[in-house]
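What follows is a single structure, written as structure tokens, with notes after it.
Only the coordinates and a few stated rules stand behind these numbers; no lab work does. Since the structure is predicted, the reported quantities are computational estimates derived from the model, not experimental observations. Cβ atoms come from the backbone with ideal geometry, glycine included; neighbour counts cover every protein chain shown.
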Amino acid sequence: MPDKKKPITYFIADLHLADNRPDITDCFLRFLKYEAVKAQSLYILGDLFEAWLGDDDDSDYLVTIANALTTLSGFGTKIYYIHGNRDFLLGQGFAKKSAMILLPEVDLIQLYEKDMVIMHGDTLCTKDIAYQKFRKKSRSWWWQTLIKSLPLFVRKKIAADYRKRSEAATAVKSQDIMDVTPDEVVSCLEQYKCQILIHGHTHRPAKHELVANDKKAQRIVLGDWYEQGAWLKVTPDTMELVFEPLK
């Protein structure tokens, strides 16, 4: 185990890991082994998985991911997790298996003497009315209790059907609807009295300059992993978006 970690922190989101995309899984495992292991901490800002059906799912690739994260933690890298819109049912059971610390859906952290708001990002897309209605329902205790009570094979079918409907709905939505609402971004930063926001969800990696709290602010969007590996590397002096081929 390294004696002292370098002052590096990584942020990732929207990997959408699934057993039918071993290329993404392999890229993630390489990232954990060769990059994240150098860092003090790793923040996973949601949608690590394409779908989360329940902590009772013991699929081989999920065991592989849990073991890799536990190994990373054993080398001294702290792992934090914020739920996404695809894996919001991920619970303490899998978190414990993976040595992850679950965070609230919006969190204010201090990193290298800078305050940062971190989140998945779906709540910023307020123009997507249909999704926000579903989000409200799916976060309710009664809906989650009902879903979790169903057999795993039924949950798998429901998840597959939902993905098909979601893809069809996304295909006809405008890009504006699926992106963040600028006023919501400013409101979030001002609520937390912060100048830096990091999120995923929109799959549009970029750094955006804006004004919040009557000062310059920055919104950093993490990339998805459908076609490449993507992470934000933060040090005391830099914040760099990094991309790597899936191979």
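Points to keep in mind about this one:
- Counting Lys and Arg as +1 and Asp and Glu as -1 over every other residue whose Cβ lies under 11 Å from the Cβ of THR64, the net charge comes to -3.
- Cα centroid of region 8-32 to Cα centroid of region 120-150, whole Å: 24
- Among [x] 14.3; [y] 13.2; [z] 12.4, the entry derived from the coordinates for mean projected area of the Cα convex hull in nm²: [y]
- Theoretical gain in end-to-end length, THR70 to ASP161 [0.36 nm per residue, Cα-Cα removed]: 29.6 nm
- By the beta-carbon count within 10 Å of each Cβ, the least crowded to most crowded order of ASP47, ASP115, ASP176, fewest first, is ASP176, ASP115, ASP47.
- Helices in the chain that qualify as membrane-span-like (whole DSSP H runs, Cα extent of at least 15 Å along the helix axis, mean Kyte-Doolittle hydropathy of 0.5 or higher) are 60-74.
- Loop-resident sites, region 167-234, for GluC sites (Glu not before Pro), counting at most 16 other Cβ within 10 Å (DSSP): GLU227
- Listed residues LYS136, LYS207, LYS156, most fluctuating in the chain (Gaussian network, C-alpha, under 10 Å): LYS136
- Neighbour-count order for THR202, THR9, THR123, fewest beta carbons within 10 angstrom listed first: THR123, THR202, THR9
- Shape of region 153-216, Cα gyration tensor, a/c cut at 1.5: prolate
- Under the combined filter of DSSP loop state and at most 11 neighbouring Cβ atoms within 10 Å, region 105-183 retains none of its chymotrypsin sites (Phe, Trp or Tyr not before Pro).
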